[in-house]
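Read-outs throughout are calculated quantities, based only on the coordinates presented, and are distinct from any laboratory measurement. Given the structure is predicted, the values throughout are model-derived calculations rather than measurements. Don't worry about glycine lacking a Cβ; one is built from the backbone with ideal geometry, like all the others, and counts go over all protein chains shown.
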Amino acid sequence: MDERVKVYEEKMNKSVESLEREYASIRAGRANPHVLDKITVDYYGTPTPIQQVGNISVPEARMILIQPWETKLIKEIEKAILVSDLGITPTNDGRSIRLVFPELTEERRKELVKDVKKKGEAAKVAVRNIRRDANDVFKKKNKSKEITDDDFENISDDIQKVTDKYIQKIDKAVEVKSKELLTV
């Protein structure tokens, strides 16, 4: 594979990694601490991820336990969870916060699968845009005689192979996450 294509392959890889991080934050019936990844708490005036202000554990299959290192943060953590799009009401006992995940309904599972597919499509569009940008760059180089016609053909083939590889990875990620969501 041509070295000049590596830059675009890295960009495509970042798109897939971003999609996988997003999928990790989608809850599938079981408690997953990654659903808290995007939630920040006001810690002395600084937005700080929840993971950095307390201990997070999963004592049961459908419960997350958050034990802040400073008890005065309980109200802040509770507020952050309530304003997030998590859709779960936290309960606190003065020392820790419990998040109990209800069993997902069939309807909610199907909605989540639709969302997973939509995010997968967006990632594919991102990968295809990277392919288009790469092709445009090399077309210009070919027209200005910086690269030969044969080089251009080889690079275009490489770009297409890389694109196909990452589209396949996205399809696989969508399939795995959809299956996980639909498994009761």
Legend entry - Charge context of residue 60, other residues only, Cβ under 11 angstrom, K/R +1, D/E -1: +3
Inset, instruction - For the chain, find the longest principal axis of its Cα atoms and tell me its angle to the long axis of helix 3-24, 0 to 90°, nearest 10. - result: 20
Legend entry - 0 to 90° range, to nearest 10: angle between helix 106-143 axis and the chain longest Cα axis: 30
Inset, instruction - Using +1 at the Cβ of each Lys and Arg and -1 at the Cβ of each Asp and Glu in the chain, identify which of 12, 154, 35 lies farthest towards the dipole's positive end. - result: 35
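How much length, in nm to one decimal, is gained on full extension between residue 153 and residue 183, taken as 0.36 nm per residue of separation minus their Cα-Cα distance? Intermediate results must be reported in sequence, preceding the final value.
Values: separation 30, 0.36 × 30 = 10.80 nm, distance 4.51 nm.
Computed gain between residue 153 and residue 183 is 6.3 nm.
Taking a quarter of the surface of the convex hull around the Cα atoms of the stretch 1-60, what do you get in nm²? Working shown, then result.
Values: hull surface 26.7 nm².
Over every viewing direction, the Cα hull of the stretch 1-60 projects on average to 6.7 nm².
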Legend entry - the chain: angle of helix 149-182 to the longest principal axis, Cα-based, in degrees nearest 10: 20
Inset, instruction - Quick one: among 23, 43, 166, which has the greatest mean-square fluctuation in a GNM of the chain with alpha-carbon springs under 10 angstrom? - result: 43
Legend entry - P(r) histogram, all alpha-carbon pairs of the stretch 36-93 included - 5 Å bins from 0, percent: 4, 19, 32, 30, 12, 2, 1
Inset, instruction - Measure up 143/169; 14/118; 14/114; 118/140; 75/114; 119/179 against 25 Å on the Cα-Cα distance and list the ones that go over. - result: 143/169; 118/140; 75/114
Legend entry - Efficiency of FRET from Cβ geometry, residue 57 and residue 172, R₀ 41 Å, rounded to 0.05: 0.85
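What are the semi-axes of the equivalent ellipsoid of the stretch 20-126, taken as the square roots of 5 times the eigenvalues of the Cα gyration tensor, listed largest first and rounded to whole Å?
The answer is 27, 17, 11 Å, longest axis first.
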Legend entry - Length released on extending from residue 7 to residue 21, taking residue separation times 0.36 nm less the Cα-Cα span: 2.9 nm
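Would you calculate the volume per residue, in Å³, of the smallest convex hull containing every Cα atom of the chain? Before the final figure, lay out each step's value.
Numbers: hull volume 26.1 nm³, N = 184.
Taking the convex hull of the Cα positions in the chain, it is 142 Å³ per residue.
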